[in-house]
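Please treat every number below as a calculation from the coordinates, not as lab data. This one's a predicted model, so the numbers in the text were calculated from it and none came from an experiment. Positions of Cβ are generated from backbone atoms using ideal geometry, with glycine treated the same way; all protein chains shown enter the neighbour counts.
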Amino acid sequence: MNILVLGGDGYLGWPTALYLSRKGHKVGVVDNFARRGYDLEMGVDTLVPIVGLQQRVRRWQEVSGNEIDVFVGDLTDADFVSSTLASFEPDTVVHFAEQRSAPYSMIDRKHAVYTQVNNVVGTLNLVYAIAEQNRDIHLVKLGTMGEYGTPNIDIEEGYIEITHQGRTDLLPYPKQPGSFYHLSKVHDSHNIMFACRIWGIRATDLNQGIVYGHETEETSLHPDLATRFDYDGVFGTVLNRFCVQAVTGHPITVYGAGGQTRGMLNILDTLACVELACENPAERGEFRVFNQFTESFSVQQMADMVAAEYSGPVTIEHPPTPRVEKEEHYYRAAHTKLLDLGLVPHLLTSSVIRSLLSVCEQHKDKVDPAAILPTVDWRSTSSSLVTAGSHGAGAPDVGESASAEVG
Ligand code: NAD
Ligand code: USQ
């Protein structure tokens, strides 16, 4: 297949592009380097060094003999999206290219507006280009388990059968997301579902849990092929952060009571799930939802697992959560559809945690302790993290220009 990977310079997009290329697909990657810009803006850096996209692609060609096409541009630019699709002629578009940090979206108004414009407008431009050019293109969109929130009933895969006043219907599962970022994913889901209904395009929404891990078969082939590894308080995700905290002697930061429970998956399963979705496309007009995670754990359980596997001393602290979230709650989410397609999960075993700890150990001299603590407070409308006017390369002030740009 011709597979276009949007966000192909990111933590998940880059290893996915390599994986699909190695499987024999013709792969193109699209990115505007916004993620590298957020690092400059926040004054943080990936723990594992990464080289530039062009250098990555050249190295991949040398190592594998496979070419990857590169398209540098912004999905909020409709002409760019349209011309990229026209030139690459994808069978499948895998869409990772969004601002993906919940804390980043909660810094202040500018970052909330930036996140929602970037994510929602980019996705709208994409569905328009697909509808205009070729309605057979399969859109594989990265959503998030966080779209559902933490309801006090079982979470289904996208839809729930509801009987009300004696009548029954299959309806989209209710959404209670926990940040302006997670809300942007809900808005995307609604827009894509509508586009499938009106234009008959085909889409799979992968409601992914929190990804951990760093190495894949392909990224391990050369240091230039490494993907990023974030541990800071804004972009680092929980298990990756806990491993960095353990190896640097920083207390593990379990926010609040630690009963926050989330669906988790190994980065290797992200690649496998995306491949399964690509190889088993949705029907024309179908908006399909898969819950993409393999196990669920509470934050406290993850801290305990890391502490148990690390050979040195580890302390676990419970600072108040900077988020507005339930610290203890019911959590049971269905995740059978990808298993039915053949997913064989890589579970969170002791050896997986030890290998994560060893990546962190290897690069621990690069850790900036000042970047570890959380700095964004959900209850505040303007975090002290970024003062007015200091926004750098990451979040352009789209607040005032958004309507003009969209219009
Ligand atoms: P990432 O930030 O590392 O990668 C996203 C890439 O998209 C970046 O390289 C960025 O520069 C690019 N991008 C952003 N906006 C763009 C635009 N307007 N035009 C072109 N490129 C743009 O994030 P990631 O961790 O690789 O996550 C990828 C996707 O998976 C995201 O949509 C995220 O919401 C979703 N997801 C991630 C996780 C996780 O744990 N990392 C979990 C669930 C879902
Ligand atoms: N947490 C801690 N201590 C920390 C960091 C986080 O207790 O040091 C807690 C948070 O309060 C939260 C949970 O861990 O309850 C998860 O936080 P996270 O930062 O690992 O994950 P989240 O903000 O939900 O976002 C990440 C990705 C996002 C993706 C989402 C999947 O950044 O792109 O959509 O995971 S999900 O959580 O299923 O929505």
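For the pair L347 and D69, the difference between a 0.36 nm per residue extended length and the Cα-Cα distance amounts to 96.8 nm.
Charge tally for Q55 (other residues, Cβ to Cβ under 12 Å; Lys, Arg +1; Asp, Glu -1): 0. Ranking A277, N66, M145 by how far each Cα lies toward the positive end of the dipole of the chain (charges on Cβ) leaves M145 at the top. The antiparallel fraction among DSSP beta bridges confined to the chain stands at about 20%. The slack between M1 and S380, meaning 0.36 nm per residue of separation minus the straight C-alpha distance, is 131.8 nm.
Of the peptides 357-368, 284-295, the ranking by mean beta-carbon count within 10 Å, highest at the top, reads 284-295, 357-368. With each label modelled as a point 7 angstrom along the Cα→C-beta vector, the R59-T168 pair spans 5.5 nm. Here the extension length gained between S355 and E132 equals 75.7 nm, from 0.36 nm per residue of separation less the Cα-Cα distance. In the chain, Rg over Rh equals 0.94, where Rg is the alpha-carbon radius of gyration and Rh the Kirkwood radius from pairwise Cα distances.
About its Cα centre, the dipole of the chain is roughly 300 debye, where the only charges are +1 on Lys and Arg Cβ and -1 on Asp and Glu Cβ.
Using R0 = 51 Å, the C-beta based FRET efficiency linking D365 and E286 works out to 0.55. Scanning the chain for long hydrophobic helices, with DSSP H runs required to stretch 27 angstrom or more by C-alpha along their axis and to average at least -1.0 on the Kyte-Doolittle scale, returns 180-199.
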